[in-house]
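Heads up: the structure comes next, in structure tokens.
The values are calculated or read from the model by the stated rules, or taken from the named source; none is laboratory data. Just so you know, these numbers come straight off a predicted model, no measurement behind them. Heads up, the Cβs are rebuilt from the backbone with ideal geometry, glycines too, and the neighbour counts pull from every protein chain shown.
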Amino acid sequence: MRIVDAQVHVWGADTPARPWPAGGAAAAHRADPVTVRETLAVLDAAGVHRAVLVPPSWEGDRNDLAWAAAALHPDRLAVMGRVPLTGPANAAPLARWRDRPGSLGVRLTLHRDPWRALFRGGDLDWFWAAADAAGLPVMVYAPGMGAPLAEVARRFPDLRLIVDHLAVPVDARAPEAFAHLAELTALARHPRVAVKATALPCHSRLPFPFQDLHEPLERVFEAFGPRRMFWGSDWTRLPCSYRENVELFTNALPFLSTDDLRWIMGDAVLAWLDWPAEPTAT
């Protein structure tokens, strides 16, 4: 089984030459930077073959480290990059976004203002239109905003949307963390909406095998199916070992068949993001 982690961060230090925006240090998962070498070692130790690099919000709208990592390890890493949401002038690069090797699409973090308010107010319509026109998949973290996401899916039926972390709020714990599941599963009626089952042990009140996550995961699986549900980690903030996050799916969920796991653990995200299953010859 090919295993692909749908969300991993790497980042550099906050320095005068490469400063983080205000408040970045408070949001970072840890004080020390996370290198590509450390990340690959974590993946290798758990038998994970590939990972999608998602540049972290606390560095600002930077893609440089992630793009460099994907260039060095094209058989292991690819990128869902960040785009400034400050206005329609930022739409132009999206038309050629995938011309850069390893650049698969875009990720938005809309859980804090001002971006949350802009999304609710319709002020990001330029972005959705540009991503749709460019054929770019979009990962979006927008807890509590199922209704505006549904409107985006309705208006742009060909746009591939991926709802991050099952739309669970950052600090929420089960069972309250999953109070929104009816709103989330309602998005499954839109065939181009998928979900990332990432960072979920962060929202459990129990040790491995995280029994309070099983029923919510089964509801999400029943709604979206194995080809629109992507496993991942966000490993730098996990409260458990990386291997336990893998085994939550591979060993602890009896409702998943071997074929279901093949899709959820890797094949589905590769297909959704148009990331070739085999390295492209050069």
Of the residues in segment 1-27, those that are exposed (fewer than 12 other Cβ atoms within 10 Å of the Cβ), not in a loop (DSSP other than H, G, I, E, B) and not aliphatic (A, V, I, L, M) come to Thr15
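Do the conditions hold for Thr236, that is, is it farther than 26 Å from Thr39 by Cβ and among the hydroxyl-bearing types (Ser, Thr, Tyr)?
no
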Out of curiosity, is His214 assigned to a helix (DSSP H, G or I), surrounded by 21 or more Cβ atoms within 10 Å (Cβ to Cβ) and not aliphatic (A, V, I, L, M)? no
In segment 112-137, how many residues are in a loop (DSSP other than H, G, I, E, B), at pLDDT 90 or above and under 20 Å from the mean Cα position of the chain (by Cα)? 4
Identify all residues within segment 1-58 that are of a type in the set (D, E, K, R), in contact with a strand residue (DSSP E or B) (Cβ under 8 Å, 6 or more places away or on another chain) and over 18 Å from Leu104 (Cα atoms); write none if there are none. Arg2
Just one listed residue, out of Asp125, Asp44, is closer than 27 Å to Arg154 by Cβ, without any contact (Cβ under 8 Å) to a residue 24 or more places away in the chain and either surrounded by fewer than 22 Cβ atoms within 10 Å (Cβ to Cβ) or of a type in the set (A, V, I, L, M, F, W, C) (or both), and it is Asp125
Quick test of your reading of the structure: Leu104 fulfils all but one of (1) out of contact with any strand residue (DSSP E or B) (no Cβ under 7 Å at 6 or more places or on another chain); (2) closer than 29 Å to Met265 by Cβ; (3) of a type outside the set (Val, Ile, Thr). Name the failing condition by number. (1)
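Return yes when Arg98 is touching a helix residue (DSSP H, G or I) at 6+ places or on another chain (Cβ under 8 Å), outside any helix (DSSP H, G or I) and either farther than 24 Å from Asp158 by Cβ or of a type in the set (D, E, K, R) (or both) and no when it is not.
So Arg98 does not fit the description; no.
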All positions within segment 78-107 that are touching a residue at least 60 places away in the same chain (Cβ under 8 Å), out of contact with any Lys or Arg (no Cβ under 6 Å at 6 or more places or on another chain) and closer than 23 Å to Asp44 by Cα: Ala78, Leu104
